[in-house]
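Colleague: A single structure is presented below for examination.
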Amino acid sequence: MACKKEEDKRSLLGLTVKKEEDLSEWFTQLVQKAQFADYTSVSGCMVLRPNAFQIWENIQQIFNSKIKKTGHKNVYFPLFIPEHLFEKEKEHVEGFEPEVAWITHAGDTKLRERLAVRPTSETIIYESYSKWIRSHRDLPLLLNQWVNIVRWEFKHPRPFLRTREFLWQEGHTVHATKKEALNEALYILSEYVDLVENYLAIPVLKGKKTQGEKFPGAMDTFTMEALMPSGKALQMGTSHMLGQNFSKPFGIKFLSENGKEQFAWQTSWGISTRLIGAIIMVHGDNRGAIIPPRIAEHKLAIIPIVFDKSKKDILKKAREIKEKLKEFNPILDDREIYSPGWKFNEWELKGIPLRLEIGPKDLEKKQVVLVRRDNHARKEVKEENLEKEVQKTLESIQRSLFLKAKKFLKSNIVEVKSKKEFIKAINENKMVLAGFCERGECEESIKSETSATNRLIPFHAQPAKKCIFCGKPAKRKSYFSKAY
């Protein structure tokens, strides 16, 4: 009877649908059952549980270390933005207006001016910049903040990927010249790519957004795009060359070295908790999540296989191993109320990269068993080689996850030579590479006819003579797909 009860519990713990059969339901179950997030009574908003928030903290730590090396500093600006500031840049306000949540009352008192709940912070930050910057000696100004964002979207909410409130970082820099600002925007994009590919193990395409898809108010938007198992693209992060589009309406000016007053050049850039959703969706399998070792809070779980006679010795050895491997922040699961099988399932569900098993026979042989989360391969390892073998295995898992995701990305990009092929590939949930005229009218036609959007123009784009969709002249090829 006890075994039956444990089987019932295990079925509740595990996933009841397969990733390849119902990705949406698989993702929803995994996010909740692995305790990454939970829903709330506020539509479109979620609770970030510790298993997810610790990933976000690690992302913060990694990215902070990157930008602080180049002189960027963290700050905090208000959550509320007065309407008159929000409206200073016309294209910006038009782009965000449909998603802005407004505060109109404080208790029963109507406010004299509406306050926007931060959808992005350009306007509130640049009011301060106009006061702080006076001379070329004040430049460059390199600030960043880690905050929450509210965008009252009406599309179907999905944990991490599309929610009304989410966490992100937003950098806002000011420079004396256009070249310096452009270099900054491209530098930040390169750091984003390094973060996503080398820590999150997710390959991306990088390039520039079209004028129709760029950030409202920017001169140019640079992006990195990943492909999810659904065949939909996910924008993983963007860096914007704002030019002087905000410095002019906000009066961000400085005296140059020759004494002339000039408008500054600016950038803004951001990544969000959307990255956590990408990790879950890209790497997870039918047993649960798989967290890449470099971003995982706990690199391994230690599971003692205990019997009455050897229980004391096994637990003692397990504690010694935990101390020996403390650099990997291991979890020692010595709970007595659950069987080893239950524990295996739980830590697989939550995505711990590596499992270490130790039982009576292992104790006799002075060894342990390592089990990889990515391919479930088992390996017996002598105690004296344990630290090196754990490090080696974690590095192998990290590399394997990236290569698997890269293979998927490459195999799902289709280069097309006609409109018919374009539509067919999009309907088959592929990412399409095609010649594109880059006209706004054509871009809208593609969106209305196929539901696909232009994801990016690659930095080193292949030349093209004509647009696949409308037949008009084109200079280069772009990537298209459906997207979250």
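The values are calculated or read from the model by the stated rules, or taken from the named source; none is laboratory data. The structure presented is a predicted model; accordingly, all values stated were derived computationally and were not measured. In this analysis, Cβ positions are derived from the backbone assuming ideal geometry, glycine residues included, and neighbour counts consider all displayed protein chains.
Colleague: Which of the residues belonging to the range 10-59 are in contact with a strand residue (DSSP E or B) (Cβ under 7 Å, 6 or more places away or on another chain), in a loop (DSSP other than H, G, I, E, B) and closer than 26 Å to R294 by Cβ?
Modeller: Across the range 10-59, the qualifying residues are L15, K19, A34, R49.
Colleague: Just a yes or no: is a residue in the range 376-399 in contact with a Gly (Cβ under 7 Å, 6 or more places away or on another chain) and of a type in the set (D, E, K, R)?
Modeller: Scanning the range 376-399 turns up no residue that is in contact with a Gly (Cβ under 7 Å, 6 or more places away or on another chain) and of a type in the set (D, E, K, R).
Colleague: Also, quick follow-up: Any idea which of K447, K419, K424, K465 is crowded, with 17+ Cβ neighbours inside 10 Å and basic (K, R)?
Modeller: Exactly one residue qualifies, and that residue is K419.
Colleague: Another question, if that's okay. Using the structure shown, decide if K410 is surrounded by 13 or more Cβ atoms within 10 Å (Cβ to Cβ) and under 29 Å from I295 (Cβ atoms).
Modeller: So K410 does not fit the description; no.
Colleague: What residue, of A296, A278, A301, is among the small types (G, A, S) and part of a helix (DSSP H, G or I)?
Modeller: Residue meeting the stated conditions: A278.
Colleague: Still on this model: Among the strands (runs of 3 or more DSSP E) confined wholly to the range 72-140, which include 2 or more residues that are buried (at least 16 other Cβ atoms within 10 Å of the Cβ)?
Modeller: 80-82, 109-117
Colleague: Another question, then. Within the range 27-66, can you find the residues that are out of contact with any helix residue (DSSP H, G or I) (no Cβ under 7 Å at 6 or more places or on another chain) and either under 30 Å from L139 (Cβ atoms) or in the same structural domain as W347 (by TED's automatic domain parsing) (or both)?
Modeller: Passing the criteria: Q60, Q61, N64, S65.
Colleague: I've got another one for you. If you go through the range 221-270 one residue at a time, how many are part of a loop (DSSP other than H, G, I, E, B), among the small types (G, A, S) and in contact with a helix residue (DSSP H, G or I) (Cβ under 7 Å, 6 or more places away or on another chain)?
Modeller: Residues in the range 221-270 being part of a loop (DSSP other than H, G, I, E, B), among the small types (G, A, S) and in contact with a helix residue (DSSP H, G or I) (Cβ under 7 Å, 6 or more places away or on another chain): 4 in total.
Colleague: Show the residue pairs meeting these rules: Cβ distance below 6 Å; 6+ apart or different chains; first residue within the range 87-112 and farther than 22 Å from F250 by Cα; second residue charged (D, E, K, R) and assigned to a loop (DSSP other than H, G, I, E, B).
Modeller: Correct list of pairs: E99/R151; E99/E153.
Colleague: Let me ask something else about it. For the range 9-45, how many residues are over 23 Å from E348 (Cβ atoms) and either in contact (Cβ under 8 Å) with a residue 24 or more places away in the chain or not polar (S, T, N, Q) (or both)?
Modeller: 5
Colleague: Scan the range 250-300 for residues that are without any contact (Cβ under 8 Å) to a residue 60 or more places away in the chain and in contact with a Phe, Trp or Tyr (Cβ under 9 Å, 6 or more places away or on another chain) and report the count.
Modeller: Here the count works out to 3.
Colleague: If you go through the range 266-283 one residue at a time, do you hit one that is over 22 Å from the mean Cα position of the chain (by Cα) and on the phi > 0 side of the Ramachandran plot?
Modeller: no
Colleague: With the structure loaded, tell me whether F480 is out of contact with any strand residue (DSSP E or B) (no Cβ under 6 Å at 6 or more places or on another chain), in contact (Cβ under 8 Å) with a residue 40 or more places away in the chain, surrounded by 19 or more Cβ atoms within 10 Å (Cβ to Cβ) and on the phi < 0 side of the Ramachandran plot or whether it fails that test.
Modeller: Taking the combined requirement at face value, the residue does not satisfy it.
Colleague: Can you confirm whether the range 399-407 contains a residue that is over 24 Å from the mean Cα position of the chain (by Cα) and either closer than 26 Å to Q32 by Cα or outside any loop (DSSP other than H, G, I, E, B) (or both)?
Modeller: Looking for residues that are over 24 Å from the mean Cα position of the chain (by Cα) and either closer than 26 Å to Q32 by Cα or outside any loop (DSSP other than H, G, I, E, B) (or both), one finds none in the range 399-407, hence no.
Colleague: Could you pull out the residue among N144, N74, N64 that is under 26 Å from A181 (Cβ atoms), in contact with a His (Cβ under 6 Å, 6 or more places away or on another chain) and among the polar types (S, T, N, Q)?
Modeller: When all the criteria are applied, what remains is N144.
Colleague: Within the range 284-293, which residues are surrounded by 22 or more Cβ atoms within 10 Å (Cβ to Cβ) and assigned to a loop (DSSP other than H, G, I, E, B)?
Modeller: G284, A289, I290, I291, P292, P293
Colleague: Out of (1) surrounded by 13 or more Cβ atoms within 10 Å (Cβ to Cβ); (2) within 30 Å of the chain's Cα centre (by Cα), the odd one out for H376 is which?
Modeller: (1)
Colleague: So is V381 more than 29 Å from V196 (Cβ to Cβ), in contact with a strand residue (DSSP E or B) (Cβ under 6 Å, 6 or more places away or on another chain) and of a type outside the set (S, T, N, Q) or not?
Modeller: It is true that V381 is more than 29 Å from V196 (Cβ to Cβ), in contact with a strand residue (DSSP E or B) (Cβ under 6 Å, 6 or more places away or on another chain) and of a type outside the set (S, T, N, Q).
Colleague: Also, I was wondering about something else. For the range 414-465, which residues satisfy the criterion of being of a type in the set (K, R) and outside any strand (DSSP E or B)?
Modeller: Across the range 414-465, the qualifying residues are K417, K419, K420, K424, K430, R439, K447, K465.
Colleague: Read through the list (1) over 17 Å from the mean Cα position of the chain (by Cα); (2) under 27 Å from F436 (Cα atoms); (3) in contact (Cβ under 8 Å) with a residue 60 or more places away in the chain, then give the number of the only condition that S247 fails.
Modeller: So the condition that S247 fails would be (2).
Colleague: Which residue is surrounded by the fewest Cβ atoms within 10 Å (Cβ to Cβ), if the candidates are limited to the range 218-242 and must be in contact with a Lys or Arg (Cβ under 7 Å, 6 or more places away or on another chain) and small (G, A, S)?
Modeller: This residue is G231.
Colleague: If P203 satisfies every condition in (1) more than 15 Å from the chain's Cα centre (by Cα); (2) part of a loop (DSSP other than H, G, I, E, B) but one, which is the exception?
Modeller: (1)
Colleague: Of I188, I149, which residue is at pLDDT 95 or above and either on the phi > 0 side of the Ramachandran plot or part of a helix (DSSP H, G or I) (or both)?
Modeller: Answer to the check: I188.
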